[in-house]
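The structure appears below as structure tokens.
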């Protein structure tokens, strides 16, 4: 692992622990923890959260967590995902194999396995597959957007050895504080731990969402914040979505009096995070 990634991982661990200090499972949420979706007991596990007040089939959100491909897991994202569940959704919160221990395409292989699990276990956990949504932030926004491109583009899908589950269709996505192109020097450096040396930087263009979206890409909510270091990223994505005719809604949160940084929406103690998450869930409900 590069020194840059080691520092990044430690910084995130300390910051997220401080952010979530004192939080517990909301009383209105039922959780099913540590469900294996693959053979790797350390990485290929997921949780399901459901509102206790709702029974039967309900709409489902799958969360592709961020962390620059080298950090994060379902534990870090549990409180954020349970906040989404409060809005009347079943939420699938999964860990995936991280770099540099596991490099590309491990996160996409794992994500495909998660959706296979969702399709197979819809009856047991009450997933309404006609209303299947996904969220992602930072690298996770790139990740879920790329997975949606795999689902929407048979030619791009040939780059991957797995097959998308039959019948899988996204009703919508939420892309939060994301990365959508690979032209920035900082982004290029951050991919070094993710890609094998033989692949880097030759296939970087294969991760540029702005060049991959087509008319079958799902409708999406795109958000960033006024002090997000990636706040300029949505512009090129929106231009691409306009070009292919895909519906989206864009929102920049925060102002001079209320500065908001990268992935602010994961801080469930924040009223502004609550507003952003409300807006996204309402967008999903409009698509149903």
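Each value in this text was obtained by applying a stated rule to the coordinates, not by laboratory testing. The structure displayed is predicted, hence computed values, not measured ones. Neighbour counts run over all protein chains shown; Cβ positions are idealised from the backbone, glycine included.
Peptides 198-211, 20-33, 47-60 ranked from most to least packed give 47-60, 198-211, 20-33, packing being the mean of other C-beta atoms within 10 angstrom over each peptide's residues. Three principal axis extents describe the C-alpha atoms of the range 43-102; from largest down they are 41, 17, 14 Å. Of interest is the spacing of the C-alpha centroids, which for the range 198-216 and the range 57-86 amounts to 24 Å.
The orientation-averaged projected area of the convex hull spanned by the Cα atoms of the range 3-287 comes to 14.3 nm². Globularity index of the range 96-215 is 1.08 (Cα radius of gyration / 2.2 N^0.38 Å, N = number of residues). Sorted from greatest to least, the principal axis extents spanned by the alpha carbons of the range 42-175 come out as 41, 30, 25 Å. With the convex hull drawn over the C-alpha atoms of the range 204-256, the volume per residue is 74 Å³. If you restrict to DSSP beta bridges whose two residues both lie in the range 3-287, what percentage is antiparallel, to the nearest 5? Percentage antiparallel, nearest 5: 30.
For the range 65-142, the C-alpha radius of gyration divided by 2.2 N^0.38 Å, with N the number of residues, is 1.12.
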